[in-house]
Structure formats: structure tokens, C-alpha cells
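K.L.:
Below is the structure I would like to discuss, written out as C-alpha cells.
Just so you know, all these numbers are worked out from the coordinates, no wet-lab data involved. Since this is a predicted model, take the numbers as computed values, not measurements. Glycine also receives a Cβ, built like all others from the backbone with ideal geometry; neighbour counts cover every protein chain displayed.
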Amino acid sequence: MEDSQPRRSEGRMQNGHCRWSAEILETKVVEDFRRRLKYFFMNPCEKYRARGRKPWKLVLQIVKIAIITIQLVSFGLSNEMMVTFKDENLMAFRHLFLKGYKDHRLGGYALYTKADVYDHIYYVINRYIRLQNLTVGNLAYERVDGENTPLSLCQEFYRNSSIDPGNETFDIDPHIDKDCTSIYPEQTLDNSSSLTHFNFSLDFKRLLSVNIYLTLKTINLQTVRHHELPDCYDFYIMIMFDNHAHSGKIMVTVEYDVRIYECRDWNVEGTSGKYDYLLLWFDSVVILACLTSLILCIRSVIKGIQLQIEFNAFFQAHYNKTVTWSDRMEFVNGWYILIIVSDTLSIAGSALKIGIQTKFLTNYDVCSILLGTATMLVWVGVIRYLGFFRKYNILILTLRAAFPNVIRFCCCAAMIYLGYCFCGWIVLGPYHDKFRTLDRVTECLFSLINGDDMYATFLRMRGKSYMHHQQDKVPVSQLQAFIAECRDHPESGRYQTDEEPASSCCMSPFCCFG
């Protein structure tokens, strides 16, 4: 018996020691996991102080900002020359082929008589035939199989129609037919000639449009001054005489499509193509930097998702609680998502830029969208690094706190704005050209909200709409005009009837409220 007592005590001590050791072990596990979480959410500077890990990702992002910006500036200068060249050629085409065209009449070139329509069609044909003797630019005809391509003169019209406004009758077949005539540059035509030689005449009652198609070739030589190889251009020009409205006004517009490609045979004295190789090398460096950044950010996002799963299981095991969705989303760093999108766009845009530089591709517009959007996102990402400093963290904290309310406000304001757009389109459209179409209404109302051009807008509307009739006098209806002939004042007593004598009304305490 005496021996059993110490054994029991020893057993209790061992059990207590085990429980104490387990508690210590569990506490150590919790602390270690908490320390892992805290390290995960540290910024690069704090991680460097905590473990001495060099912030290579931060350095890469800073370098990437610099090289992407340089790349965008280089492409922007090249794109600017291309856009300027196309715009100036379009203006040259308008002056060459539109009779009496003036720059200030942009968008308002219209014809009103049959003679003017025929005269302008003759004018376009003559200018095309004598183009080589007129233009100051490097324009030439397109050649196919050793022969100049013709000018195509096409008209679109209703198949059959019988229209008599005087008798208020019409009979029309809405099916649209198209008739085209080809005119080669070797032919001659003056204003006194007749188009019947080309089997071409116009029935203005059925006419929808007259379209003139022609193709011209040129070379953009200005790029030589910027150490770039000049491109060859094919301009596919369409001169349109639009009569769809049949309102007595035929609008004349010049539109074009362009194809850019590498010239067949070229030689630039004193150049070796070294500058082009440097640009290709630099674009390759940008792709490599963005690809490295993309891989590192994707790895960080994956590690965050894995840690989120581990954190959820840890809370479930130790605290028997489920982690909320907002807590889970904290493991997905939105800045990494922004960088991933930016890197993807930069890689695609840089690859497209290499294609443009080597003349395999000519998608300038797509490349501009990709590189421009990528650069914007890269510079927005700079805000993240400013957040490492307390004094510069105000913007991020303000955006984070105000973003939900701003989104709600924008949704409500959009409803009101759309309502004003539809109302302005219907109510004000007949009286002002700025409200004539729905897209113009959105632009005009947005400018009015900002206070732009407000006086000019309402000045042009004055005197045209029933909503502004107060300029002369308030219109009076027939009922109001009949009542106005009664000149009796309310105090005259003539409004009292036999059923309501004046004495009874005055004796009533509610007389004044009747």
C-alpha cells in the first residue's frame, strides 16, 4: 500500500507534465503560424529588415516602370508621325477632289442642285485623271498587272419607284440596286462632256448615294529623319454623295482606309539598320522583364491562396471557426493582379511592336491600346510603393474607404444622367443640333454639367422651342382669355350668391378659410 501511493503521485505528475508540454507545443505552433502570417503581409522593406531578404521584386518593378515608359515614348513618336501623315493626306485628298473645299467647312460640305452634283462628279474624275500634274505629294496610281487601276463610279438606288409629292402618292420598291462604272486614268473627260458615254445617269428620286472609289499609293519619307525605315502606304479612298434622307441636301464626305507595308525595294544612304536592331533588342528586354515580373507575381498570388487555405484549416482546427470571405480575400493582393494584367498587356504590345518594327504587321491602333493601357496600369501601381511611407499612404486609405460609396454614387448618378439624356434627346432634339442624336446628347449634357459652352448652347435654342416662349409673352389659352374679360375684383361683393350671403360668411369663424 505504501508503495502504491508514490506511484500514483508519480503518474499524476507525468500526466500533468504531458498536458503542460502539449499546451506549450500548441502555443508554439500558434505563435509560429501567426509569425508566418505577419511576415506574409509585410512590405518589401520590412521583409528585408526581418530576414535580410533583398527586395528583388521591388527593384524589378522600378526598372520595369522606366523601360516601359521609354518604350512607350519611342513608339508614341513613331505612331505620331504615322497618324499625322494619314491626317494630312486625308486633308490633301479633300482639297484635291472636292471642288471649292475650304478647311473651315469641315463636316459641312453639301450640294443642293442636280447641276452641282454632276459638276462635282466630273470634277473628281478630272482631278483623278490629271493627278500627276496637280499634286505636290508623292502620290501615284495603283498598278495591277502593269496597268493602272481604274476609278469606280457607283450609284445606289431603289429598284423601282413612282413618287409624286404634288398628288401625295408614291409607289416604291425598297430593294437597293447598285450600278458601277470604271474609268481608267488614260481616259479624258471635261465638264462639257456627258456621262452617257460611261452608261451613267442619275435618277435623283430613287438615288440613295453616289460613291467614287479610287486607290492611291505613297511613301512616308519623314520617318527617315528619325532613323526609321519609311513605310509604303495604299490609300483606299471613297468619296460619298449621300442622298439617303432625300431632303434636298446631299452631303459629300471623303473617307479612306489605309494599308501600311514594307516597300519592295529600298535604299537609305548612310544607314546600316543599327538603330532598328537596338529598338528590337530593347523591346526584347522589355518582354523579358515583364515575363519575369509576371512569373514572380503569379507565384506570389499562388502562395497567398495556399496560405489562405492553410489559415482557414488552422482556424477551423484550433478555434472551430470559419474564416469570413473578406478575411480570405486579404490573402489575394490586388496590386499583384494589377501587375499581372499590366505585364500581360506589355508583353502582347511589345511583341506587336516588334512585328510593326520589322514590317510584318501594321496594327498601330491595337499596339497603341495595349502599350498605353499597360503603361497606365504600371504608373497606377506606383501608388502601392508610396503606401510604404505613412505620410504618402493617405491617398490609398482614402480610396479604400471611399471606393464603395463612390461606386454607389456613380450608379445613382448614372440613372439620373441617362434619364436626362433620353429626355433631352426627345424634348430638345427638334430645336437644337447638339441634341439631335443620342450620342450628341450624352456629350452635350456632360459638357453642360462641367459648365462648358453653356451660354452658346442655350443661346442657339432661344426662340425655337415652346419651352422658351417667355421671350415674347406667356401664351393664353381660350379658357383663360374668356375669364380675363371679367374685371370684377374679389372684394367687389359680386361673387356672392343668394345661397351664401355676405353676413353669414362674415359671422362664420372659417370665413377666411373658405
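K.L.:
Using θ = phi - 60° and the Karplus relation 6.51 cos²θ - 1.76 cosθ + 1.60, list the HN-Hα couplings for the range 370-381 in order, rounded to whole Hz, with x at every Gly or Pro.
P.N.:
5, 5, x, 5, 4, 5, 4, 5, 5, 6, 5, x
K.L.:
Using the Cα centre of the range 284-368 as the reference point, and only Cβ charges (+1 on K/R, -1 on D/E), how large is the resulting charge dipole? Debye, rounded to the nearest 20.
P.N.:
Charge dipole, the range 284-368, about its Cα centre: 140 debye, nearest 20.
K.L.:
Sort 432-441, 410-419 by packing, meaning the average of other beta carbons within 10 Å per residue, with the highest value first.
P.N.:
Numbers: 432-441: 15.8, 410-419: 10.6.
My ranking of the peptides, most packed first, is 432-441, 410-419.
K.L.:
Now for a different question. So what are the ³J(HN,Hα) numbers for the range 37-44, from phi and the Karplus equation (6.51, -1.76, 1.60; θ = phi - 60°), rounded to whole Hz, Gly and Pro as x?
P.N.:
5, 5, 5, 4, 8, 6, 7, x
K.L.:
Also, I was wondering about something else. With the cut-off at 1.5 for a/c, could you classify the range 288-434 from its C-alpha gyration tensor as rounded, prolate or oblate?
P.N.:
Numbers: a/c = 2.41, a/b = 1.22, b/c = 1.98.
It is oblate, given that a/c is not under 1.5 and a/b is not larger than b/c.
K.L.:
Something else: Could you state the principal axis extents of the C-alpha atoms in the range 39-91, from the largest down, to the nearest angstrom?
P.N.:
For the range 39-91, the Cα spread along each principal axis is 64, 16, 9 Å.
K.L.:
A further question follows. Which entries in the list Lys86/Lys434; Lys321/Lys391; Lys217/Lys359; Lys28/Lys57; Lys178/Lys205 go over 25 Å, if you measure between the two C-alpha atoms of each?
P.N.:
In this structure, Lys86/Lys434; Lys321/Lys391; Lys28/Lys57 lie more than 25 Å apart at Cα.
K.L.:
So, one more: Please give every one of the lysines within straight-line cross-link reach of Lys54, meaning a C-alpha to C-alpha distance under 21 Å, and leave out same-chain neighbours fewer than 8 residues apart.
P.N.:
By straight Cα distance, Lys54 reaches Lys38, Lys64, Lys303.
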